[in-house]
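Down below is the structure, laid out as structure tokens.
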Amino acid sequence: MASAPPRLPPLPGSRCTAVSARAVNHGGRTAPELSGPTPRVVVVTSGKGGVGKTTTTANLAASLARLSFPTVAVDADAGLRNLDLLLGLENRVHLTAADVLAGDCRLDQALVRHRALHDLHLLCLSKPRSKLPLAFGSKTLTWVADALRRTPNPPAFILIDCPAGVDAGFVTAIAPAEEAVLVTTPDITALRDADRVAGLLECDGIKDIKIIVNRVRPDLVKGEDMMSALDVQEMLGLPLLGVVPEDAEVIRSTNRGVPLVLNDPPTPAGLALEQATWRLVERDAMTAVMVEEQERPKKKGGLFSFFSR
């Protein structure tokens, strides 16, 4: 049986971000309007690995911090964490949530603040290639989220990067979440896993689920060689948070440890992730689709038949 959560010290006070948000056309507004009480706990999940879930988490977190929303990004993968690499913080993570819960350090000591984005902190669940002690149980991140809520300066967002799969790590990651961002690519294997994960999230009481369709190639969509974002949305029956095009700059950004949304000039994928962040903040969803999607005739068989069976 899991023991009672330890008493955790306050989160360090938030400071204004040192990186100003890039001007994006949103009806003349320079910042989105935050919807709902804070902190908002959002799990970013996918089911299938390799669809860009951790990249999406890193860029959503960085974009939120650019907009001056204090954000704690949590890498919930107990053995194969990567979020620290994508944020360029791999050499600064010495303590983890497991150390906090074991009483070996304070919460503020385990939080790693981004040097350029002062409103962004990273918290890793455990050290690489290590397992979370069974005594912590599935409520590990629930305790951490509750501790962050109780601080004098709680974050506006807690983003949880969920491990791939639907095993114990998945259960631990979604436990404290009230919202979910489901990342998928427009291929049938990723969609089958995304559909399964959506059902599990709903069974766990998470009703606010939105999808990000990643690595979309408009040329293939137009030639009917790839499903469109509209196809994906209709198959999963969930609101669309964003559509991210295939972009070679994603690999360069990952290897540099710099989130794509910090690129100047912006790239197509970076702009798409910025726009998805605005919708996340305002609890909005996409209503527009690409012209080629509107004009493209719907298929009655093939990929569509998988979900109609």
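The values are calculated or read from the model by the stated rules, or taken from the named source; none is laboratory data. What you see is a predicted model; the values in this text were computed from it and never measured. Cβ: placed from backbone, ideal geometry, glycine included. Neighbour counts: every protein chain shown. With ligands, DNA and RNA removed, areas are computed over all heavy atoms of the protein, side chains included. Shrake-Rupley method; radii C 1.70, N 1.55, O 1.52, S 1.80 Å.
Values as computed for the structure displayed
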{"item": "Filter result for the condition that a residue is of a type in the set (G, A, S), open to solvent by 30 Å² or more (accessible area, probe 1.4 Å) and within 24 Å of G199 (Cα to Cα), over G223, G242, G237", "result": "G237"}
{"item": "Pairs, first among the basic types (K, R) in region 58-83, second buried (at least 24 other Cβ atoms within 10 Å of the Cβ), C-beta under 6 Å, six or more apart", "result": "R81/D75; R81/C124"}
{"item": "Any hit, region 248-257, residues being among the hydroxyl-bearing types (S, T, Y) and touching a strand residue (DSSP E or B) at 6+ places or on another chain (Cβ under 8 Å)", "result": "no"}
{"item": "Residue under evaluation R215, criteria (1) open to solvent by 40 Å² or more (accessible area, probe 1.4 Å); (2) in contact (Cβ under 8 Å) with a residue 12 or more places away in the chain; (3) part of a helix (DSSP H, G or I), criterion not met", "result": "(3)"}
{"item": "Long-range neighbours under 9 Å by Cβ, at least six apart or interchain, first residue without any contact (Cβ under 8 Å) to a residue 24 or more places away in the chain within region 224-247, second of a type in the set (A, V, I, L, M, F, W, C) and open to solvent by 30 Å² or more (accessible area, probe 1.4 Å)", "result": "Q233/M286; Q233/V289; E234/F304; E234/F307"}
{"item": "In region 131-155, residue modelled with the lowest pLDDT [restricted to those that are surrounded by fewer than 20 Cβ atoms within 10 Å (Cβ to Cβ) and not in a helix (DSSP H, G or I)]", "result": "P133"}
{"item": "Leading residue by the ranking (nearest to V216 (Cα to Cα)) among those in region 46-66 that are in contact with a helix residue (DSSP H, G or I) (Cβ under 8 Å, 6 or more places away or on another chain) and among the charged types (D, E, K, R)", "result": "K48"}
